[in-house]
Structure formats: C-alpha cells, structure tokens
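Step one of this worksheet: look at the structure below.
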Amino acid sequence: MDSISLGAVQLMQDMQKMASATRLSEMSGLSTNNQDGVQGASSVSFAELLKNSLSQVNAAQNTATTLQTSYETGAGNVDLSDVMVAMQKASLSLQMVQNVRGRLVSAYQELINTPL
C-alpha cells in the first residue's frame, strides 16, 4: 500500500474511534477528553480532522489533474502510468469522502430520530 492509502485507512480508523467514543460518552453523559483511544485527539477536533482530510483529497484531485494536463500537452516527462495511478488515487479518495459523508448523514438522521 502507498502512503495515501495508509493515511486514508488510519484516518478512517481514527474517525471511527472518535465516533464510537462520542456515542458512548453521550449515552453515559461523560466527557470525551482522553477517552477515545486516539493519540492527540484532545488537541485535534473532528472538524479539523475532517478539514485536513478534505484538503488531502483536494490535493490528490489537483495532482491528478495537473499530471493529466501535462501528459495531454506533452509538457514534461510524464508517464501514462503515473497519470493513471494519480487518477485512481484521487478517485478512491473521493469515494472515501462520499462514504464518510453518507455515514455522517445516516448517523445524523439516526440521532434526529432517536426519542428522548
């Protein structure tokens, strides 16, 4: 696996840990500080984590577009394989974001529909 794939997997694991810790703390009424098992989670908010991951996805999309344009115009020594790999990385990262978005929406709907 490459570093982007490993980073995406680690990001998903961290987000799942944070989400489960938040659910547990909301059920028990406890604070989530230092209870989620994620190192440094108290200094990094979920919004910052989401913003950073979206920035990485945007960077992957921009890299793929730049490589594609360079290959199409013949500027620089860009191999087709490099273009295809960059495009697949960008596509997979976008699919991951769409899956996370879908899960966040379903979690929100579940919370909204929870009786008090």
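Among the residues of the range 73-116, what is the count of those that are touching a residue at least 12 places away in the same chain (Cβ under 8 Å), open to solvent by 70 Å² or more (accessible area, probe 1.4 Å) and closer than 19 Å to Lys17 by Cβ?
0
Please work out which residue is modelled with the lowest pLDDT, limiting yourself to the range 35-51 and to residues that are surrounded by 13 or more Cβ atoms within 10 Å (Cβ to Cβ) and in a helix (DSSP H, G or I).
That would be Phe46.
The values are calculated or read from the model by the stated rules, or taken from the named source; none is laboratory data. Everything numeric in this text was worked out from a predicted model, so none of it was measured. When we count neighbours, we look across all protein chains shown, and the Cβ atoms used for this are built from the backbone with ideal geometry, even at glycine. Surface accessibility is based on the protein's heavy atoms, side chains included, excluding ligands, DNA and RNA. Shrake-Rupley method; radii C 1.70, N 1.55, O 1.52, S 1.80 Å.
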